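What follows is one structure encoded as structure tokens, with my remarks underneath.
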Amino acid sequence: MAQLSTRETWSRADIQALFDMPFNDLLFKAQSVHRAHFNPNEVQVSTLLSIKTGACPEDCKYCPQSARYDTGLEKEQLMEVQKVLEQAQRAKHTGASRFCMGAAWRNPKERDMPKIIAMIQGVRELGLETCMTLGMLDSAQAAKLAEAGLDYYNHNLDTSPEYYGDIITTRTYKDRLDTLSNVRTAGMKVCSGGIVGMGEEQSDRVGLLQQLANMPVPPESVPINQLVKVEGTPLDHLEDLDPFEFVRCIAVARILMPTSHVRLSAGRETMSDELQALCFFAGANSIFYGEKLLTTANPVAEADLKLFERLGLTPEQRKESKPLFYDATAREQGATATA
Ligand code: SAM
Ligand code: DTB
Ligand code: SF4
């Protein structure tokens, strides 16, 4: 296998060989890699909020927010900063450590930046990690967000370079790679992953994971979304992906990106507890937490807390900050760490 000075680059054949392993061998390998780098019983929890909803000019075939498809979604303009901070406070209270704000934009406009920056600053002041997903960024925009204190920027590659054109025609794969490079150069952490179950071949899942793992610095956070089939989108009729194939994707992502958080992202609403447990065993160590993703349903917080309890999982605390789950106790004990 070819070697870079600091880490491996992955060929398609290497990755295909992982997908081809017997399921038990693959899961054993993924779990071994996982526990070499993480506490296997901790899961990072992020809460999502759609800060601008629907009427998006892009044509992503999976997305309920594209203006091109009639999904019955109610559009909403960019939210007021105060309303966003109220939701962030709620998320913190429910136990999230990161607050992710998403906008149905091709890219942010100059006129939106003051509000966006105020949201980043306000959410940080609450002691939460901040993440945004606003579409394409140029280098000046990325620098502005970084300067405002944005911790993570989410921008997904979605699928392989080969299948990409079947799903999106209004922006290119290179546009996405350029945005990710601008985010990295500005000094923010990268959150990038994709969607499976969009009618792609296994070779496309291999291709997606290869792109992510071979980045000069792989994303710190890798969301693996299962397509949420929303009526009215061009992909609403597709057959479900074999759940074991979904688990394989998680396991392979874990092996290729040993120090990244792999997020079991969209699609949990229709997954059994048993399937989610297998995903955690395969190395998923992050979830979206709270009853809504951006526009579609997610398991309610109580259901996830119960699942965590049954599996002996605990929410991961923010590393360089005061603990969020037990902040009242920490205060009583005179903890001095700040967010
Ligand atoms: N508009 C921005 C953009 O696309 O870059 C940010 C928001 S967009 C909704 C964020 C991501 O959500 C997409 O890149 C896609 O990976 C994911 N997503 C959207 N609709 C989805 C669906 N129906 N199922 C699974 N993931 C979805
Ligand atoms: C990601 O990879 N998945 C999230 C987040 N990043 C922005 C979005 C999932 C959206 C699912 C469809 C919806 O709720 O609109
Ligand atoms: Fe717009 Fe983002 Fe949805 Fe694509 S994924 S249609 S860019 S909101």
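The values are calculated or read from the model by the stated rules, or taken from the named source; none is laboratory data. Small disclaimer: the values here were computed from a predicted structure and weren't measured. Because the Cβ atoms are built from the backbone with ideal geometry, glycine has one as well, and the counts that use them run over all protein chains shown. Side chains included, ligands, DNA and RNA excluded: accessible areas come from the protein's heavy atoms. Shrake-Rupley method; radii C 1.70, N 1.55, O 1.52, S 1.80 Å.
Below is a table of values for the structure above.
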{"quantity": "Odd one out for Leu241 among (1) of a type in the set (A, V, I, L, M); (2) farther than 21 Å from Ala297 by Cβ; (3) outside any helix (DSSP H, G or I)", "calculated": "(2)"}
{"quantity": "Selection from the stretch 181-200 of residues that are open to solvent by 10 Å² or more (accessible area, probe 1.4 Å) and part of a helix (DSSP H, G or I)", "calculated": "Ser181, Asn182, Arg184, Thr185"}
{"quantity": "Matching residues in the stretch 151-163 - criterion: being open to solvent by 10 Å² or more (accessible area, probe 1.4 Å), outside any loop (DSSP other than H, G, I, E, B) and either within 15 Å of ligand 1 (Cβ to nearest atom) or in contact (Cβ under 8 Å) with a residue 60 or more places away in the chain (or both)", "calculated": "Tyr152, Asn154, Tyr163"}
{"quantity": "Any hit, the stretch 251-271, residues being loosely packed, with under 15 Cβ neighbours inside 10 Å and over 19 Å from the mean Cα position of the chain (by Cα)", "calculated": "no"}
{"quantity": "Residues (more than 14 Å from ligand 2 (Cβ to nearest atom) and either of a type outside the set (Ser, Thr, Tyr) or open to solvent by less than 30 Å² (accessible area, probe 1.4 Å) (or both)) located in the stretch 272-287", "calculated": "Asp273, Glu274, Leu275, Gln276, Ala277, Leu278, Cys279, Phe280, Phe281, Ala282, Gly283, Asn285"}
{"quantity": "Close pairs (8 angstrom Cβ cut-off, 6 or more residues apart or separate chains): closer than 27 Å to Met271 by Cβ and free of Cβ contacts under 8 Å to residues at least 40 places away in the same chain in the stretch 176-203, open to solvent by less than 60 Å² (accessible area, probe 1.4 Å) and small (Gly, Ala, Ser) anywhere", "calculated": "Lys189/Ser221; Val190/Ser221; Ser192/Ser221"}
{"quantity": "Subset of the stretch 58-97 (residues that are over 19 Å from Asn298 (Cβ atoms) and near ligand 1 (Cβ under 10 Å from one of its atoms))", "calculated": "Glu58, Cys60, Lys61, Ser66"}
{"quantity": "Flag for Thr130 being within 16 Å of ligand 1 (Cβ to nearest atom) and touching a helix residue (DSSP H, G or I) at 6+ places or on another chain (Cβ under 7 Å)", "calculated": "yes"}
{"quantity": "Residue ID - surrounded by the fewest Cβ atoms within 10 Å (Cβ to Cβ), chosen from residues in the stretch 33-77 that are modelled with pLDDT of 95 or more and of a type in the set (A, V, I, L, M)", "calculated": "Ala36"}
{"quantity": "Residue in the stretch 8-31 that is free of Cβ contacts under 8 Å to residues at least 40 places away in the same chain, surrounded by fewer than 17 Cβ atoms within 10 Å (Cβ to Cβ), within 16 Å of ligand 1 (Cβ to nearest atom) and under 22 Å from Thr159 (Cβ atoms) present", "calculated": "no"}
{"quantity": "Residue satisfying condition, being out of contact with any Pro (no Cβ under 7 Å at 6 or more places or on another chain), at pLDDT below 95 and among the charged types (D, E, K, R), within set Glu291, Glu274", "calculated": "Glu291"}
{"quantity": "Selection within the stretch 86-130 - within 16 Å of ligand 3 (Cβ to nearest atom) and within 19 Å of the chain's Cα centre (by Cα)", "calculated": "Cys100, Met101, Gly102, Ala103, Ala104, Trp105, Arg106, Asn107"}
{"quantity": "Failed condition for Gly207, given (1) within 16 Å of ligand 1 (Cβ to nearest atom); (2) small (Gly, Ala, Ser); (3) closer than 25 Å to Leu134 by Cβ", "calculated": "(3)"}
{"quantity": "All strands (runs of 3 or more DSSP E) inside the stretch 42-135 with 1 or more residues being more than 24 Å from Val183 (Cα to Cα)", "calculated": "42-52"}
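Results for (1) within 19 Å of Tyr62 (Cα to Cα); (2) open to solvent by less than 10 Å² (accessible area, probe 1.4 Å); (3) within 16 Å of ligand 3 (Cβ to nearest atom), shown as yes or no for each residue.
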site	(1), (2), (3)
Gly149	no, no, no
Gly165	yes, no, yes
Gln202	yes, no, no
Gln210	no, no, no
